[in-house]
Amino acid sequence: MKKVPLFFSTAILCLGMNLPVLAQPDKQSVETIDVQGEKTTPQLKRAFKKQQMAFIELYNSVNTDAQFDVICKWRKFTGSQIARKLCEPRYMIDFRALTVQTWSTQPGIDFNRLPSDDTLRFLTQDTREEAYKHVAALVATHPKLLDSFLKLDAIHERIKARKEEGMKGE
């Protein structure tokens, strides 16, 4: 075994201790890599529904006009045992109730005589346009509501882009 002079051993030991300090790169020159995962279409739709409910909850908390509140209820539709969440503005629910009362002239409800949802939307068109303006004004004046809306819109755009990509691929 060959002996190394003490001077060289000390110098190598000192260099070895300083190497990590010398090897640290400047923080400005560090390269960063962002990895963005792709969500599936069903995952995007679930995220949209979740963000939609968060937006509605926040909207209802800042809304001061009761007729424009959005009411969500679980309903089972005809022919299905699967309950779905249906959200409507209060003015539409009130108008539907008024329509049932005025169009049913006999005891009980004759569902065949009631107007369709398309007819109800047509009859409430002016109120719906007023509601859109009301929502737009609230979004414009409440930063948290705007942020929630922008998140909702971003998810919607991703779903729409995914759908368009699927159509081009066929």
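Are there trypsin sites (Lys or Arg not before Pro) in the stretch 112-161 that DSSP puts in a loop and that have at most 14 other Cβ atoms within 10 Å, and which ones?
R113
Could you pull out the pairs from K50/K76; K50/K144; K39/K73; K49/K163; K73/K160 whose alpha carbons sit more than 24 Å apart here?
Exceeds cut-off: K39/K73; K73/K160.
I need the shape label for the stretch 54-93. Rule: rounded when a/c is under 1.5, else prolate if a/b > b/c, else oblate, with a, b, c from the alpha carbon gyration tensor.
oblate
Considering only protein heavy atoms, with the full assembly of protein chains and a 1.4 angstrom probe, order E88, E157, E38 by accessible area, largest first.
So the residues, ranked largest to smallest area, are E38, E157, E88.
Can you sort M92, M53 by 1.4 Å-probe accessible area, starting with the largest?
Solvent-accessible surface, decreasing: M53, M92.
State whether the stretch 60-170 is rounded, prolate or oblate according to the following rule on the C-alpha gyration tensor (a ≥ b ≥ c being the square roots of its eigenvalues): a/c under 1.5 gives rounded; otherwise a/b larger than b/c gives prolate, and the remaining case gives oblate.
oblate
Could you tell me which of rounded, prolate or oblate describes the stretch 117-169, using a ≥ b ≥ c as the square roots of the eigenvalues of the alpha-carbon gyration tensor, with rounded for a/c under 1.5 and, failing that, prolate when a/b is larger than b/c and oblate otherwise?
oblate
Let me check against my output: what whole-number percent is the relative contact order of the stretch 76-168, with C-alpha pairs under 8 Å and at least 6 apart?
Result for the stretch 76-168 is 15 percent.
The values are calculated or read from the model by the stated rules, or taken from the named source; none is laboratory data. As the structure is a computational prediction, the values presented were derived from the model and not from experiment. Because the Cβ atoms are built from the backbone with ideal geometry, glycine has one as well, and the counts that use them run over all protein chains shown. For accessibility, only protein heavy atoms count, side chains too; no ligands or nucleic acids. Shrake-Rupley method; radii C 1.70, N 1.55, O 1.52, S 1.80 Å.
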